[in-house]
Each structure stands twice: as C-alpha cells, then as structure tokens.
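> If you scroll down you'll find the structure; I have some questions about it.
The values are calculated or read from the model by the stated rules, or taken from the named source; none is laboratory data. Values in this document were obtained by computation on a predicted structure and should not be read as measured data. Don't worry about glycine lacking a Cβ; one is built from the backbone with ideal geometry, like all the others, and counts go over all protein chains shown. The protein model used for the area step is the full one, side chains on, heavy atoms only, and it has no ligands, DNA or RNA in it. Shrake-Rupley method; radii C 1.70, N 1.55, O 1.52, S 1.80 Å.
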Amino acid sequence: MKRNPMHPMFKSLFVIVVGLLVTLPWNVQAETLTLQDCLQRAVESNPDLRALDREGEMLDAERKSIRGHFLPVVKADSKFLVWDDESLMVFDLSFLEETFASMPEGVLAMMGDMQFPEDVSFTLHDQVTFTSSVTVAQPLVQIYKVYSGYKATESQAAAARKDRLTGERKLEMDVVHAYLGLISARRMLETAHAALNQVDVYEEKVKALMENELVERNAMMKIEVQRAEIKKGAFMAQKGIALAKAALNVYMHRDIHEPLEPVTEGLDDITTETEEISLEESQAQAILYRPELQSARLMLDAANMGRHVATADMLPELNAIFRYEFAEGMGAMQPRHQYFGGLVLEWNVWEWGATYYKLQQAKIRERQTKLRIESGEDKIRLEVEARRLDLDEAKKSLDVARAQLAEAKENLRIEQIRHEVQQSTTADLLQAQTLALKAENDWIVAEMKIRENRAALRIARGESLLSDGE
C-alpha cells in the first residue's frame, strides 16, 4: 500500500516543534560562576540594594531643594482684567459756592466771576486694567533654620548610603551561605552515589555468599534497607542543590530556575582567614567600620541639626524685601511705576507651647539616638566575640571530623576484610559503611562551616567580602 506524503504544513509544524524542544531550558548550558562572580552580580543587581540606592538619591534631592532657600525668593505676578465699566469717584463741590459767598466783599471782588463746578470726578480704573509686580525677598533670621535643615538632610542622605552598605554586607553573607551550601550538597551527592556503587558491590558479593549459605538469610534485605537510606540522603542533597541554586539566582536577580555551576576556584580568596588580631582590636575595628554604626552616628548628627531647626522655629521671621509694581488703566490715583523696599518682621509671640514642645521632642530624639548608638556598640562587641568563638569551634570540629573520617574509613576497610572471610555479618559491614558515610558528610559540613565562619567574622569586623569593597 502506497503511503501519502506528509503535507507541507505538517512538515513545517514538525520542524517548529523540534526546534522548540532543542531550545528548552534543559538544553541550556549552565553558566559557571565563582563565589566572587555571585557576590559581584548580587551587589550590582539585587532589587533590595537598588531600592536603598533610591532612598539616598531621594534625600540628596531633598537636600538640594533645601539649599535653594538660602537665596532670595523672586515672585512675579500679573493681572489683566476687563470690568463691566470704568470706575469713577465723584466729589460734590456745591458747598464751595456757599462757603465763598460768606467771604468778605474784597475777596469776592478779587475772585470776580469765578464759577464753581457742582462736582468733580476722578477715574479709579478704566474698563480694561493691567497690573504687574516683582517681589524679591531675602530671608535673614530663617537662614539659621535653612542651614540646620540642610545639614540634617545631608547627614540623613549619608546615613542612607551607610544603610545600603549594611544591606550589602547581609547580602554578601547570604550569598556565601548559599554558595557554600551548594558546594556541600554537591559533594554529599557525590558521596551518596559512591556509597550506592559500593552497596552494589556488596550485593554481588552477598549473592555469591548466599548461594553457599555463608551469610545470614536476611542479608539481602539489609542491603536493600541500606540502599534506601543512602537514596534518602541523596534526595536531601539534591533538594539542597536545587534550593541553593534558586537562592543564588534570587540574590542575583535572575530567573529562579536559571542553571549555574559553582567552582572552588577563588573560594579561598574570600573564605580564608584574614590577619589574626586580638579580640579588642577586632571589636575596635568593628565599632569604627560597621556601616550600621556609621549610619547611627550620622543620624545623631541629623538629630542634632533637627534640634537646631526646632530652635529656629521659636525665633521671629525677618525678611529683606524689594517690590516693583507697574499699573496700566488704574487712574490718576495710582502711578504707573512704583517700588519700595525694607524689612518685614513676623513673630508668633504665643502659640500655646507648640514650638516649645517641638523643641523638647527634638531633644528627646537626640538622646534616644545616643542610647541606640551605645546599645549598638555593645551588641557589635558581643557579635564579634561570638563570631570568633564560632570560628574556634569550627576549627576544633574540623579536626575532630577529620580524625573521625580517618577512623571510619579504617573501620570500614577492616569490616570489608572481615566480611570477606566470614568473620563479621552483613549488618556489621553496613553499619561500618553508614558510619563512614556520616563521617564524610560531617567532614564536608565542618570544612564549609569553617569557611562560612571566617566570612562571618570578616563581616562582623566591618569588612567587605568583595575585593574592591569599601
């Protein structure tokens, strides 16, 4: 039977589907990233850090806005009006004729036949009027308030940049934790796979021994239980790998499932121990360089300037002003051009303690900030000491884990020999393997823990984990 050729449309659709399958994520080449790469990308791309950058920029803009109040304020206004009619002011002068009639005859003779109008009118404004003015006002006493507010905002902007560094340090530590966790999970998965291969070898040997009835009857069941336990460990390691990769991608603001591969290259550049200094020197360095304390000190400066702002609110407002006015169509009562200048004083003499209690609030905020700095210094001293103790503990744990691993491997080697000559049971052999697997995992964790604690101590001292950090 002759087959019908494939329709061209279906051929095109088939090519498209194959092309999509080829380009799916599982065929994407994983990017190899060092710890330094991850730290750099996280610091540059993390949305939380970018939001903190915007905070500093907003305060800088506010500071520049306040700076404008140092200079004179120039205000211009104009009015073009069309009225329903021109406006006149009429004066009744009929009383003048009666007044002059009562004067002496000599005076009347001199005045002759003078006629007096009954009324006189003056134009107040035409039907169409135009006025324009320019006012220049220079604050005098208020300069004190403006300067204090400017310096307060300047300190707040600098504090915001220090807060950004605090967020950066925390992010660096999160990246290190995830990266080392990823490497640890990968090594544990490799260890689990090696253990499963070893279990397969045990299974073949036990099968041969069971044919000759040289091992216990439930030996195969014990091997299957051992295989299941090791697989559980492998599943946990796979989960750890997936979570660590997802966390790193989130920190770097990448797609959460974007593939990446860690390497140990450059790991020692970040997680090795820095120059050994005493506890007191470490604490002094931390108090001097920790960005959160630097931010708190800047906020103390801002609170101090805020107190000056509150004090300035209690002073009178004094402005030097100059005003020029132009009027068209306003009648003879108002000149077309006029100007004046002088000083204007305003003072809220009594406002029921509003500004007084505002000043008290500013003083309390300043004292509160000082107490927070003192508390922060104490907490940082404690944190530095805790990180040093954690590092000492990690070093000792690594030595113990290394010794346990050597002993567990030797014990497994002995049990393998004994099992081959039927001097130990399969349970003894599998228990020795379990101990060896646990000892190797403990050694992996201890090794990564000491690296993480070294990085944590550097952060506690106020250092950056990036080579070009501040």
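> Using a 1.4 Å probe on the protein heavy atoms, what percent of the accessible area of region 138-258 belongs to carbon and sulfur?
Values: 3670 of 6200 Å².
Looking at region 138-258 in its full context, I get 59 percent from C and S.
> Using a simple spin-label model with points 7 Å from Cα along the Cα→Cβ vector, what separation in nm is obtained for Leu315 and Asp255?
So the two model labels end up 6.2 nm from each other.
> Kindly give Rg over Rh for region 216-360, based on alpha-carbon atoms, with the Kirkwood expression for the hydrodynamic radius.
On the way: Rg = 37.3 Å, Rh = 25.8 Å.
Result for region 216-360 is an Rg/Rh of 1.44.
> Next up: Just to be sure I understand the model, the point goes 7 Å from the Cα along the line to the Cβ. What's the resulting Asn197 to Ser133 distance in nm?
It works out to 9.4 nm between the two label points.
> Then there's this: Kirkwood-based Rg over Rh for region 136-218 (C-alpha set), two decimals? Can you show the working numbers first?
Values: Rg = 34.7 Å, Rh = 19.8 Å.
Over the Cα atoms of region 136-218, Rg/Rh equals 1.75.
> So, R0 is 51 Å and r is the distance between the beta-carbons of Glu44 and Glu328; what FRET efficiency does that work out to, to 0.05?
0.25
> Sticking with the crude label model, points 7 Å out along Cα→Cβ, report the distance from Ala354 to Glu280 in nm, one decimal please.
5.5 nm
> Related question: Let me know the shape class of region 140-295, please: from the alpha-carbon gyration tensor, a ≥ b ≥ c as square roots of the eigenvalues, rounded when a/c is under 1.5, otherwise prolate if a/b is greater than b/c, or oblate.
Verdict is prolate for region 140-295.
> May I ask for the distance between the Cα centers of region 392-470 and region 293-365, given as a whole number of Å?
70 Å
> Would you mind checking region 180-204 for residues with the amide N under 20 Å from a putative spin-label position 7 Å along Cα→C-beta of Lys231?
Only 188-204 pass the distance filter.
> Would you please give the residues with an amide H less than 5 Å from that of Thr123, counting only those at least 5 places away or on a separate chain, with H modeled from the backbone geometry?
Residues meeting the criterion, in which the H sits 1.01 Å from N, are Met89, Ala332.
> Same structure, new question: At 1.4 Å probe radius, can you tell me the per residue accessible area of region 292-390 in Å²?
67 Å²
> What is region 215-355's relative contact order, in percent, from Cα pairs under 8 angstrom and six or more apart in sequence?
Working: 66 pairs, mean separation 18.7, N = 141.
So the answer I get is 13 percent.
> Can you check what the net charge comes to around Asn46, using other residues whose Cβ is under 12 Å from the Cβ of Asn46 (Lys, Arg +1; Asp, Glu -1)? Intermediate results must be reported in sequence, preceding the final value.
On the way: positive: Arg41, Arg50, Arg164, Lys170, Arg254; negative: Glu44, Asp48, Asp53, Glu168, Glu172, Asp174.
Charge balance in the 12 Å sphere: -1.
> Considering the alpha-carbon set of region 323-449 alone, what are its Rg and its Dmax in angstrom?
41.8, 131
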